[in-house]
1. In whole Hz and in residue order, list the ³J(HN,Hα) couplings for the stretch 41-50 that follow from phi through the Karplus curve 6.51 cos²θ - 1.76 cosθ + 1.60, θ = phi - 60°; x for Gly and Pro.
2. For Met68 and Glu47, what is the calculated FRET efficiency with R₀ set at 35 Å and r taken between the beta-carbons, to the nearest 0.05?
3. Normalized C-alpha radius of gyration of the chain, against 2.2 N^0.38 Å?
Amino acid sequence: MSLEQQLIERLQTLAPSHLEVINESAGHGGYFPGKESHFKVIIVSDEFNGLRLVQRHQKVYALASDLMNPGQIHALAIHAYLPSEWQGQ
């Protein structure tokens, strides 16, 4: 299973109403076809209710932590929203 698929599967545990996982590896040095090192995550979930932005990020990082070993995910840009914040985006 690809790193992207593993990341999506883990983020699904937050029951997102919207989820995008975008492989941005091609825009970074050392890229080769199939490389999975840089991702952008856009996630909208009620699970973030009552959490500050840093706590939302920590929640996402906790799900991806073992995928961020050397040679795997190098960078993870996180955009985490509540459904009410996502409306109008």
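None of the figures in this text is laboratory data; all of them are computed from the coordinates on show. Treat the numbers as computed from the prediction; the structure is a model and nothing was measured. In this analysis, Cβ positions are derived from the backbone assuming ideal geometry, glycine residues included, and neighbour counts consider all displayed protein chains.
1. 10, 10, 9, 10, 8, 5, 5, 8, 4, x
2. 0.95
3. It is 1.09.
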